[in-house]
1. Take each of the peptides 46-59, 10-23, average the number of other beta-carbon atoms within 10 Å over its residues, and list them starting from the highest.
2. Given +1 on the Cβ of Lys and Arg, -1 on the Cβ of Asp and Glu, and no further charges, what dipole in debye does the chain carry about its Cα centre, rounded to the nearest 20?
3. Using only the alpha carbon atoms of the chain, find the Kirkwood hydrodynamic radius as the inverse mean reciprocal pair distance, in angstroms to one decimal.
4. Per residue, how much accessible area does the range 49-189 show when a 1.4 Å probe rolls over the protein heavy atoms, in square angstrom?
5. How large is ³J(HN,Hα) for each residue in the range 110-119, as worked out from phi by the Karplus curve 6.51 cos²θ - 1.76 cosθ + 1.60 (θ = phi - 60°), to whole Hz, x for Gly and Pro?
6. For Q66, enumerate residues with amide H under 5 Å from its amide H, sequence gap 5+ or separate chain, H modeled in the peptide plane.
7. What's the carbon and sulfur percent of the range 67-141's accessible surface, probe 1.4 angstrom, rounded to a whole number?
8. Would you please put 166-172, 88-94 in order of how densely packed they are, using the mean number of other Cβ atoms within 10 angstrom per residue and starting with the highest?
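The values are calculated or read from the model by the stated rules, or taken from the named source; none is laboratory data. Remember, it's a predicted structure, so these values are computed and weren't measured experimentally. Heads up, the Cβs are rebuilt from the backbone with ideal geometry, glycines too, and the neighbour counts pull from every protein chain shown. We work out accessible area using only protein heavy atoms, side chains counted, and drop any ligands, DNA or RNA first. Shrake-Rupley method; radii C 1.70, N 1.55, O 1.52, S 1.80 Å.
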Amino acid sequence: TTPTAVFFVDLAGTYTAELRVVDNLGLSSETCETSAVVTIIAKPEEAIHIQVVWTTPEDPDQTDRQGTDVDVHLRHPIGTWFQGPHDCYYGNPSPDWGGLMATSDDPVLDIDDINGAGPENVNLNEPENTEDLGSPYTVGVHYYSSHERVSGQDYGASTATTRVFLNGALALTTANIELPAEDAFCQGA
């Protein structure tokens, strides 16, 4: 019988929520001297957390069910892009990278946005010591689809931003990754 609010956090960051109430007589809580404000800090718990968000200027509503699809990839040091088992992406969302029967050493794509501005997230709880493997894990961004509009035109270029969190702290942001057309791919550290 009591109203309940739900707030789903899909991006790490700090959020502020304020409660305003209007009763059945139209009286608002805004007239109170203090308001109910809560600050929510959303921070990844995994050892490695990667977020990709993007913007597509030709998409007039990036929150509807139509739009572009940009994919995040996390490649194991011995992996090859777009091939399992050592590239974690939409085609291989939960590969087995570590010990048999263990899941904490395996990456997981936990959000796959196929029609908008993201985010897409990949998490890895227990990464391997990459010094033993000779190279680091690598993040990639792939412009999978520009999804045709009703008019037959596609949405054109997109620009992506990646954020890498290590043990809950933002370690690297790469902004303004140009994805000029469908199937464009960019890899980084």
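1. For the peptides 46-59, 10-23, the packing ranking is 46-59, 10-23.
2. Dipole about the Cα centre, nearest 20: 300 debye.
3. Working: mean 1/r = 0.0535 Å⁻¹.
Computed over Cα pairs of the chain, the Kirkwood hydrodynamic radius comes out at 18.7 Å.
4. On the way: 7130 Å² over 141 residues.
Accessible area per residue: 51 Å².
5. Computed from phi, the couplings for the range 110-119 are 9, 9, 10, 8, 10, 8, x, 10, x, x Hz.
6. none
7. Working: 1650 of 3300 Å².
About 50 percent, which is the carbon plus sulfur part of the accessible surface.
8. 88-94, 166-172
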